[in-house]
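The block underneath contains the structure these notes are about, expressed in C-alpha coordinates.
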Amino acid sequence: MPEYPPSPKALPGFLQRQGRAFLLALGFLTRLGPAMPATNREMALACAYYPAAGAVLGTVLILPPALGLFAGQPWVQAWLYVLLSAWLTRALHLDGLADLLDALGSGKSGDAFQAVLKDSRMGAFGCAGLILALAGQVTLAAACLQHGRLAPLLCAPVFGRCLPILLAAVAPPNPKASLGALLAAAPKAPALFIAVAGLGASLFRLAPTGAFVAISLAILCLWKLRQIALAQNGYNGDFCGFAVVAGEAALLLATGAIA
(Lines give C-alpha, C1' and ligand atoms only; values in the text may rest on other atoms or scores of the structure.)
Protein backbone atom coordinates (compact mmCIF):
# COMPACT_ATOMS: atom_id res chain seq x y z
CA MET A 1 0.00 0.00 0.00
CA PRO A 2 1.19 3.58 -0.63
CA GLU A 3 2.92 5.58 2.03
CA TYR A 4 0.72 7.72 4.34
CA PRO A 5 1.36 10.61 4.39
CA PRO A 6 3.27 10.73 1.08
CA SER A 7 6.60 12.49 0.69
CA PRO A 8 6.55 15.71 -1.38
CA LYS A 9 8.17 13.93 -4.32
CA ALA A 10 5.56 11.20 -4.30
CA LEU A 11 2.60 13.58 -3.92
CA PRO A 12 1.54 13.79 -7.62
CA GLY A 13 1.50 10.00 -7.97
CA PHE A 14 -0.25 9.69 -4.62
CA LEU A 15 -3.02 12.09 -5.67
CA GLN A 16 -3.43 10.29 -8.98
CA ARG A 17 -3.85 6.95 -7.18
CA GLN A 18 -6.38 8.45 -4.77
CA GLY A 19 -8.39 9.99 -7.60
CA ARG A 20 -8.46 6.67 -9.42
CA ALA A 21 -9.45 4.88 -6.20
CA PHE A 22 -12.37 7.27 -5.74
CA LEU A 23 -13.56 6.70 -9.32
CA LEU A 24 -13.27 2.93 -8.84
CA ALA A 25 -15.39 3.14 -5.68
CA LEU A 26 -17.96 5.31 -7.46
CA GLY A 27 -18.09 2.96 -10.45
CA PHE A 28 -18.36 -0.15 -8.28
CA LEU A 29 -21.06 1.13 -5.94
CA THR A 30 -23.08 3.20 -8.42
CA ARG A 31 -23.78 3.89 -12.09
CA LEU A 32 -22.30 7.38 -11.60
CA GLY A 33 -18.67 6.37 -12.09
CA PRO A 34 -16.81 4.90 -15.05
CA ALA A 35 -16.26 1.17 -15.41
CA MET A 36 -12.49 0.67 -15.30
CA PRO A 37 -10.28 -2.42 -15.14
CA ALA A 38 -8.42 -2.59 -11.84
CA THR A 39 -6.18 -4.84 -9.81
CA ASN A 40 -7.20 -6.25 -6.45
CA ARG A 41 -4.78 -3.83 -4.82
CA GLU A 42 -6.47 -0.87 -6.49
CA MET A 43 -9.93 -2.12 -5.53
CA ALA A 44 -8.77 -2.56 -1.93
CA LEU A 45 -7.63 1.06 -1.89
CA ALA A 46 -10.99 2.09 -3.36
CA CYS A 47 -12.81 0.64 -0.34
CA ALA A 48 -11.68 3.63 1.71
CA TYR A 49 -13.67 5.90 -0.61
CA TYR A 50 -17.05 4.23 -0.14
CA PRO A 51 -18.33 7.14 2.03
CA ALA A 52 -17.18 9.65 -0.61
CA ALA A 53 -19.07 7.68 -3.26
CA GLY A 54 -22.08 7.84 -0.94
CA ALA A 55 -21.76 11.62 -0.82
CA VAL A 56 -21.91 11.85 -4.63
CA LEU A 57 -24.88 9.48 -4.70
CA GLY A 58 -26.72 11.46 -2.01
CA THR A 59 -26.14 14.72 -3.87
CA VAL A 60 -27.69 13.29 -7.03
CA LEU A 61 -30.63 11.78 -5.12
CA ILE A 62 -31.70 15.08 -3.55
CA LEU A 63 -31.60 17.02 -6.83
CA PRO A 64 -35.26 16.33 -7.79
CA PRO A 65 -36.76 17.69 -4.53
CA ALA A 66 -34.13 20.44 -4.33
CA LEU A 67 -35.17 21.60 -7.80
CA GLY A 68 -38.85 21.54 -6.81
CA LEU A 69 -39.91 18.43 -8.71
CA PHE A 70 -43.27 17.25 -7.30
CA ALA A 71 -43.17 20.06 -4.75
CA GLY A 72 -45.80 19.65 -2.04
CA GLN A 73 -46.03 15.89 -2.62
CA PRO A 74 -43.51 14.40 -0.16
CA TRP A 75 -44.64 10.80 -0.67
CA VAL A 76 -44.08 11.04 -4.41
CA GLN A 77 -40.69 12.68 -3.82
CA ALA A 78 -39.80 9.95 -1.32
CA TRP A 79 -40.78 7.19 -3.73
CA LEU A 80 -38.68 8.82 -6.46
CA TYR A 81 -35.74 9.12 -4.03
CA VAL A 82 -35.86 5.38 -3.25
CA LEU A 83 -36.43 4.46 -6.90
CA LEU A 84 -33.41 6.49 -8.04
CA SER A 85 -31.29 5.04 -5.24
CA ALA A 86 -32.14 1.47 -6.25
CA TRP A 87 -31.48 2.18 -9.92
CA LEU A 88 -28.26 4.12 -9.44
CA THR A 89 -26.83 1.44 -7.13
CA ARG A 90 -28.12 -1.43 -9.33
CA ALA A 91 -29.97 -2.57 -6.14
CA LEU A 92 -26.58 -3.90 -5.03
CA HIS A 93 -27.13 -3.39 -1.30
CA LEU A 94 -30.77 -4.49 -1.36
CA ASP A 95 -29.65 -7.75 -2.94
CA GLY A 96 -27.18 -8.25 -0.10
CA LEU A 97 -29.86 -7.58 2.50
CA ALA A 98 -32.21 -10.14 0.92
CA ASP A 99 -29.46 -12.77 0.61
CA LEU A 100 -28.39 -12.41 4.24
CA LEU A 101 -31.96 -12.62 5.53
CA ASP A 102 -32.54 -15.76 3.47
CA ALA A 103 -29.39 -17.32 4.90
CA LEU A 104 -30.38 -16.42 8.46
CA GLY A 105 -33.91 -17.71 7.91
CA SER A 106 -32.61 -21.03 6.56
CA GLY A 107 -31.30 -22.03 9.98
CA LYS A 108 -28.14 -23.41 8.38
CA SER A 109 -24.57 -22.82 9.51
CA GLY A 110 -21.03 -22.90 8.22
CA ASP A 111 -20.56 -23.77 4.55
CA ALA A 112 -24.29 -24.43 4.14
CA PHE A 113 -25.02 -20.90 5.38
CA GLN A 114 -22.50 -19.48 2.91
CA ALA A 115 -24.08 -21.53 0.11
CA VAL A 116 -27.47 -19.91 0.78
CA LEU A 117 -25.79 -16.49 0.64
CA LYS A 118 -24.48 -17.28 -2.84
CA ASP A 119 -27.80 -18.66 -4.10
CA SER A 120 -29.25 -16.21 -6.65
CA ARG A 121 -32.81 -17.26 -5.86
CA MET A 122 -34.82 -15.23 -3.33
CA GLY A 123 -36.70 -16.94 -0.53
CA ALA A 124 -39.54 -15.83 1.73
CA PHE A 125 -37.28 -14.20 4.30
CA GLY A 126 -35.42 -12.19 1.71
CA CYS A 127 -38.62 -11.13 -0.03
CA ALA A 128 -40.28 -10.03 3.22
CA GLY A 129 -37.16 -8.17 4.31
CA LEU A 130 -36.87 -6.41 0.95
CA ILE A 131 -40.51 -5.27 1.04
CA LEU A 132 -40.16 -3.97 4.59
CA ALA A 133 -36.86 -2.24 3.79
CA LEU A 134 -38.25 -0.45 0.73
CA ALA A 135 -41.45 0.53 2.54
CA GLY A 136 -39.37 1.83 5.44
CA GLN A 137 -37.11 3.83 3.14
CA VAL A 138 -40.07 5.52 1.45
CA THR A 139 -41.79 6.24 4.78
CA LEU A 140 -38.68 7.65 6.43
CA ALA A 141 -37.72 9.73 3.39
CA ALA A 142 -41.26 11.15 3.28
CA ALA A 143 -41.00 12.08 6.96
CA CYS A 144 -37.84 14.07 6.20
CA LEU A 145 -39.38 15.73 3.13
CA GLN A 146 -42.55 16.70 5.00
CA HIS A 147 -40.35 18.84 7.24
CA GLY A 148 -38.23 20.15 4.36
CA ARG A 149 -35.12 18.27 5.50
CA LEU A 150 -32.91 17.45 2.54
CA ALA A 151 -29.60 17.18 4.43
CA PRO A 152 -30.45 13.75 5.96
CA LEU A 153 -31.36 12.41 2.52
CA LEU A 154 -27.94 13.50 1.28
CA CYS A 155 -26.13 12.15 4.33
CA ALA A 156 -27.87 8.76 4.62
CA PRO A 157 -25.89 7.22 1.71
CA VAL A 158 -22.68 8.46 3.35
CA PHE A 159 -23.59 7.11 6.77
CA GLY A 160 -24.58 3.72 5.35
CA ARG A 161 -21.36 3.33 3.35
CA CYS A 162 -19.21 3.98 6.41
CA LEU A 163 -20.49 0.80 8.05
CA PRO A 164 -18.82 -1.79 5.73
CA ILE A 165 -15.45 -0.20 6.55
CA LEU A 166 -16.18 -0.40 10.28
CA LEU A 167 -17.45 -3.97 9.90
CA ALA A 168 -14.14 -4.93 8.28
CA ALA A 169 -12.34 -3.53 11.32
CA VAL A 170 -14.23 -5.70 13.82
CA ALA A 171 -15.17 -8.91 11.98
CA PRO A 172 -13.27 -11.56 9.99
CA PRO A 173 -13.94 -11.93 6.24
CA ASN A 174 -14.95 -15.25 4.77
CA PRO A 175 -11.83 -16.74 3.11
CA LYS A 176 -13.74 -17.16 -0.17
CA ALA A 177 -15.38 -13.71 -0.17
CA SER A 178 -13.86 -11.37 -2.73
CA LEU A 179 -15.29 -8.14 -1.27
CA GLY A 180 -14.45 -9.29 2.24
CA ALA A 181 -10.84 -9.83 1.18
CA LEU A 182 -10.71 -6.40 -0.46
CA LEU A 183 -12.06 -4.65 2.64
CA ALA A 184 -9.63 -6.58 4.83
CA ALA A 185 -6.76 -5.48 2.56
CA ALA A 186 -7.78 -1.81 2.50
CA PRO A 187 -5.34 0.59 4.20
CA LYS A 188 -6.68 0.53 7.75
CA ALA A 189 -5.78 3.97 9.10
CA PRO A 190 -6.97 6.03 6.09
CA ALA A 191 -10.10 3.92 5.66
CA LEU A 192 -11.08 4.26 9.31
CA PHE A 193 -10.31 7.97 9.29
CA ILE A 194 -12.56 8.51 6.27
CA ALA A 195 -15.30 6.35 7.80
CA VAL A 196 -15.24 8.22 11.12
CA ALA A 197 -15.14 11.55 9.28
CA GLY A 198 -18.10 10.43 7.18
CA LEU A 199 -20.07 9.48 10.27
CA GLY A 200 -19.29 12.81 11.90
CA ALA A 201 -20.25 14.80 8.82
CA SER A 202 -23.50 12.84 8.50
CA LEU A 203 -24.47 13.57 12.09
CA PHE A 204 -23.32 17.20 12.16
CA ARG A 205 -26.76 18.77 11.75
CA LEU A 206 -28.69 16.24 13.82
CA ALA A 207 -30.06 17.05 17.24
CA PRO A 208 -28.11 15.28 20.03
CA THR A 209 -30.94 12.80 20.57
CA GLY A 210 -31.08 11.96 16.88
CA ALA A 211 -27.30 11.55 16.64
CA PHE A 212 -27.34 9.24 19.68
CA VAL A 213 -30.10 7.10 18.14
CA ALA A 214 -28.33 6.86 14.77
CA ILE A 215 -25.00 5.86 16.32
CA SER A 216 -26.65 3.41 18.71
CA LEU A 217 -28.50 1.69 15.87
CA ALA A 218 -25.30 1.55 13.79
CA ILE A 219 -23.37 0.00 16.67
CA LEU A 220 -26.15 -2.52 17.25
CA CYS A 221 -26.11 -3.46 13.55
CA LEU A 222 -22.31 -3.88 13.51
CA TRP A 223 -22.36 -5.91 16.73
CA LYS A 224 -24.99 -8.28 15.34
CA LEU A 225 -23.24 -8.65 11.99
CA ARG A 226 -19.99 -9.36 13.81
CA GLN A 227 -21.68 -12.09 15.87
CA ILE A 228 -23.08 -13.68 12.72
CA ALA A 229 -19.72 -13.44 10.93
CA LEU A 230 -17.94 -15.11 13.84
CA ALA A 231 -20.47 -17.94 13.87
CA GLN A 232 -20.68 -18.42 10.08
CA ASN A 233 -17.08 -18.44 8.82
CA GLY A 234 -16.82 -14.70 8.25
CA TYR A 235 -18.63 -11.94 6.38
CA ASN A 236 -18.94 -11.34 2.65
CA GLY A 237 -20.40 -8.66 0.39
CA ASP A 238 -23.96 -9.51 1.43
CA PHE A 239 -23.14 -8.50 5.00
CA CYS A 240 -21.85 -5.18 3.65
CA GLY A 241 -25.03 -4.65 1.63
CA PHE A 242 -27.12 -5.27 4.74
CA ALA A 243 -24.94 -2.83 6.70
CA VAL A 244 -25.40 -0.10 4.06
CA VAL A 245 -29.20 -0.43 4.02
CA ALA A 246 -29.38 -0.60 7.81
CA GLY A 247 -27.10 2.42 8.19
CA GLU A 248 -29.19 4.50 5.81
CA ALA A 249 -32.36 3.53 7.68
CA ALA A 250 -30.74 4.34 11.04
CA LEU A 251 -29.92 7.90 9.99
CA LEU A 252 -33.29 8.55 8.37
CA LEU A 253 -35.13 7.09 11.37
CA ALA A 254 -33.14 9.28 13.77
CA THR A 255 -33.85 12.35 11.63
CA GLY A 256 -37.31 11.87 10.22
CA ALA A 257 -39.05 10.13 13.09
CA ILE A 258 -37.20 11.25 16.20
CA ALA A 259 -35.01 14.32 15.78
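The values are calculated or read from the model by the stated rules, or taken from the named source; none is laboratory data. Model, not experiment: these values are computed from the prediction. All Cβ positions, glycine included, derive from the backbone under ideal geometry; neighbour counts span all protein chains shown. For the accessible areas, the whole protein counts, side chains as well, though only heavy atoms, and no ligand, DNA or RNA atoms are used. Shrake-Rupley method; radii C 1.70, N 1.55, O 1.52, S 1.80 Å.
On the chain, 69 percent of the accessible area sits on carbon and sulfur atoms, based on a 1.4 Å probe.
With kT/(6 pi eta Rh) evaluated at 37 °C and eta = 0.692 mPa s, and Rh the Kirkwood radius from Cα pairs, the chain diffuses with a coefficient of 176 µm²/s according to Stokes-Einstein. A 1.4 Å probe run over the protein chains yields, for the chain, 47 Å² of accessible area per residue, whole-number rounding. Candidates 142, 93, 112 compared by Cα position along the dipole of the chain: farthest toward the positive end lies 93, with charges placed on Cβ. Computed over the stretch 134-256, the quotient of the alpha carbon radius of gyration and 2.2 N^0.38 Å is 1.07.
Determine Rg/Rh for the stretch 31-169; Rg is computed over alpha-carbon atoms and Rh is the Kirkwood hydrodynamic estimate from the same atoms. Reported Rg/Rh, Kirkwood definition of Rh: 1.02.
Helices assigned as whole DSSP H runs in the chain whose Cα atoms extend at least 20 Å along their own long axis and whose mean Kyte-Doolittle hydropathy is 0.5 or higher are found at 11-29, 74-88, 92-106, 124-146, 151-170, 188-203, 208-231, 237-252. Excluding residues on the same chain fewer than 8 positions from residue 176, give the aspartates and glutamates whose Cα lies under 20 Å from its Cα. Filter leaves 42, 95, 99, 102, 111, 119, 238. Neighbours of residue 177 by Cβ distance under 11 Å: Lys/Arg scored +1, Asp/Glu scored -1, total +1.
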